Amino acid sequence: MNTNSASKKAISMVCLIAGIILLAVALIQDISGSGAGWRGPALIIGAIGILLGMYLFPTLKHHRSIVNFIFVFPLLFTFVVTVIIPLCLGVFYSFTDWNGIKMTGFVGFTNYKAMFNEPSFLWSLIITILFVVLNMVLVNVVAFMLALLCTSKIKGLSFFRASYFLPNLIGGIVLGYVWQFVFNNVLIKMTNNISLLLKTNTAMMAIIVVYIWQYAGYIMLIYVTGLTQVPKDVLEASQIDGANAVTTLFKIKIPMIAATITICTFLTLTSAFKQFDVNMALTNGTGSVASFFGNYLTNGTQMLALNIYNTAITKNNYALGQAKAILFFIILAAVSIIQVRISNKKEVEM
């Protein structure tokens, strides 16, 4: 028995060591940009070797946890390869002169200093924050009102719910071009040749309108779910006590769906921060606006995600674009954490 256990342990260690080596070599080759064709098979064989080594390790006590890990491993591996590794590489490349293909050396915080000396980036950051604040309020208000309508006693509730949710199923690029046609061809004939997309301030209003139209239906469904979970006996008791509709709404329904409000606020905040496709399709970020230094900028409606895309792809400045993306990630993570903590505190108070 001991001999069998020792042999299993030896095989297990061989598989683990071989798997780790193959996995590390494949990842190093991939990061360095090597064109070796064996990287993919080595990555897969290495991962299988690690799993096999863990499973063969002669300790029955841990077999259940190892089997559970094996089932979770595909999702975990995908998350690490597609999220964690690119994030770490992005942080690394933001301190270099990377041109999208190769790098020649480190430049320290030069890219971070450059973006704060760029008026167009600062303008994009400001209008993105304003866009997020406005839409976080407007989308949730509109969605909540639609949810109240879709949980009332009217006929055709399924039709209304499907109709309000339908715009969310349309891709942002397609949606942007459809609304561009509406603003420039349909509404212009109804408003005496006035297009909302001609001026920077009205173009931002147009983007906000389209975003609310697209996203309110999705948030509405979450509010509908929360409102339908409010106990009916509580609502009946409030009616017996003489509470009117307004009192029931603010004193019973809203406090009891505080968790739903937290989720909807978080989703709206993160989605508005990452707004890209509608912005690009509707205005492509164009618009003349006075900068902080007296001159004029040409990116009056360009929000942060589109600014990062244009820096990296259009201007081929990948290192600077990566630095902007890292700052974007830090801002989004910080704001999201603060928002969730404040909302959770409000839930406890309610």
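The values are calculated or read from the model by the stated rules, or taken from the named source; none is laboratory data. Values in this document were obtained by computation on a predicted structure and should not be read as measured data. Quick reminder, even Gly has a Cβ in these numbers, built from the backbone with ideal geometry, and neighbours come from all protein chains shown. These area figures cover heavy atoms from the full protein model, side chains too; ligands, DNA and RNA do not enter into them. Shrake-Rupley method; radii C 1.70, N 1.55, O 1.52, S 1.80 Å.
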How many of the residues making up segment 266-287 are modelled with pLDDT of 85 or more, of a type in the set (S, T, N, Q) and surrounded by fewer than 17 Cβ atoms within 10 Å (Cβ to Cβ)?
-> 2
Residue that is most open to solvent (accessible area, probe 1.4 Å), among those in segment 208-233 that are within 15 Å of Ala259 (Cβ to Cβ) and among the aliphatic types (A, V, I, L, M) = Ile222
Here the residues within segment 39-53 that are at pLDDT 75 or above and either outside any helix (DSSP H, G or I) or open to solvent by 50 Å² or more (accessible area, probe 1.4 Å) (or both) are Pro41, Ile44, Ile45, Ile48, Leu52
Within segment 249-265, can you find the residues that are of a type outside the set (A, V, I, L, M) and crowded, with 17+ Cβ neighbours inside 10 Å?
-> Lys253, Thr260, Thr262, Cys264, Thr265
Answer residue from segment 80-118, given it is assigned to a loop (DSSP other than H, G, I, E, B) and charged (D, E, K, R) and is nearest to the chain's Cα centre (by Cα) among those = Glu118
Note: among Leu149, Leu196, Leu187, just one is modelled with pLDDT of 85 or more and open to solvent by 50 Å² or more (accessible area, probe 1.4 Å), namely Leu149
Out of Ile126, Ile170, Ile154, sole residue that is of a type in the set (Val, Ile, Thr), touching a residue at least 40 places away in the same chain (Cβ under 8 Å) and either farther than 24 Å from Leu297 by Cβ or open to solvent by 60 Å² or more (accessible area, probe 1.4 Å) (or both) = Ile170
Would a scan of segment 80-102 turn up a residue that is over 30 Å from Met220 (Cα atoms), among the basic types (Lys, Arg) and free of Cβ contacts under 8 Å to residues at least 12 places away in the same chain?
-> no
